[in-house]
Amino acid sequence: MSVPRLSPPLPTADAESATEAMRVRGMRITAARRLVVEALHEAGRPVTAEELASGMYGRFPRTDLASVYRNLETLEDAGIVQHMHLGHGPGLYAPTGSAQEYVACERCGRSEPVPAAALDGLRAAVRAAVGYEASFTHFPLMGLCPICLDKRAARA
């Protein structure tokens, strides 16, 4: 199980605001950290550490995978990056504060962002039933996507 971030999230709209958030947290602004936040903000979707290390398909310089993981962990601890698992694949990383959570297909692995407010009713139902405050950021809400649901219906 992953350890939760140590600091509250610091939402960042772009790489510059992420750099400012690092300053607010008293962090050193290294070239490697700057590269990670630039790549995360430019990606526009959650990405793997391997994608970051490989240079995001030629858009950024290649870097050492261990360095990427160290920087992602440091940035997550500072509340600047969020780590998630969407389905059965590797961990994914994105800037914090997107106000999105995720649903993922348990059959094909497809995932979709969902505005956090759209799941408020479900969170309230979980809280009323068992007292937990549900979050679908680190682990998504699982189900069947429309395509897999149609395929299942066609077989029936």
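The values are calculated or read from the model by the stated rules, or taken from the named source; none is laboratory data. Treat the numbers as computed from the prediction; the structure is a model and nothing was measured. Backbone-built Cβ (ideal geometry, glycine too); neighbour counts: all protein chains shown.
Determine which single condition Ala49 fails, assuming it passes every other condition in (1) of a type in the set (Gly, Ala, Ser); (2) touching a helix residue (DSSP H, G or I) at 6+ places or on another chain (Cβ under 7 Å); (3) surrounded by fewer than 20 Cβ atoms within 10 Å (Cβ to Cβ).
Going through the list (1) of a type in the set (Gly, Ala, Ser); (2) touching a helix residue (DSSP H, G or I) at 6+ places or on another chain (Cβ under 7 Å); (3) surrounded by fewer than 20 Cβ atoms within 10 Å (Cβ to Cβ), Ala49 breaks only (3).
Would you pick out the residues in segment 135-156 that are over 16 Å from Gly109 (Cα atoms), part of a helix (DSSP H, G or I) and not aliphatic (A, V, I, L, M)?
Listed by number, the list holds a single entry, Arg155.
Please go through segment 18-46 and give me each residue that is surrounded by fewer than 17 Cβ atoms within 10 Å (Cβ to Cβ) and either within 18 Å of the chain's Cα centre (by Cα) or not small (Gly, Ala, Ser) (or both), ordered by number.
Matches in segment 18-46: Glu20, Arg23, Val24, Arg25, Met27, Arg28, Ile29, Thr30, Arg34, Glu42, Gly44, Arg45.
Every residue, every condition in (1) in a helix (DSSP H, G or I); (2) over 28 Å from Ala117 (Cα atoms); (3) modelled with pLDDT of 90 or more; (4) polar (S, T, N, Q), yes or no:
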{"residue": "Pro9", "(1), (2), (3), (4)": "no, no, no, no"}
{"residue": "Leu35", "(1), (2), (3), (4)": "yes, yes, yes, no"}
{"residue": "Met56", "(1), (2), (3), (4)": "no, yes, no, no"}
{"residue": "Leu75", "(1), (2), (3), (4)": "yes, no, yes, no"}
{"residue": "Gln82", "(1), (2), (3), (4)": "no, no, no, yes"}
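Criterion first (under 30 Å from Glu16 (Cα atoms) and hydrophobic (A, V, I, L, M, F, W, C)) does Ala124 satisfy it?
No, not satisfied.
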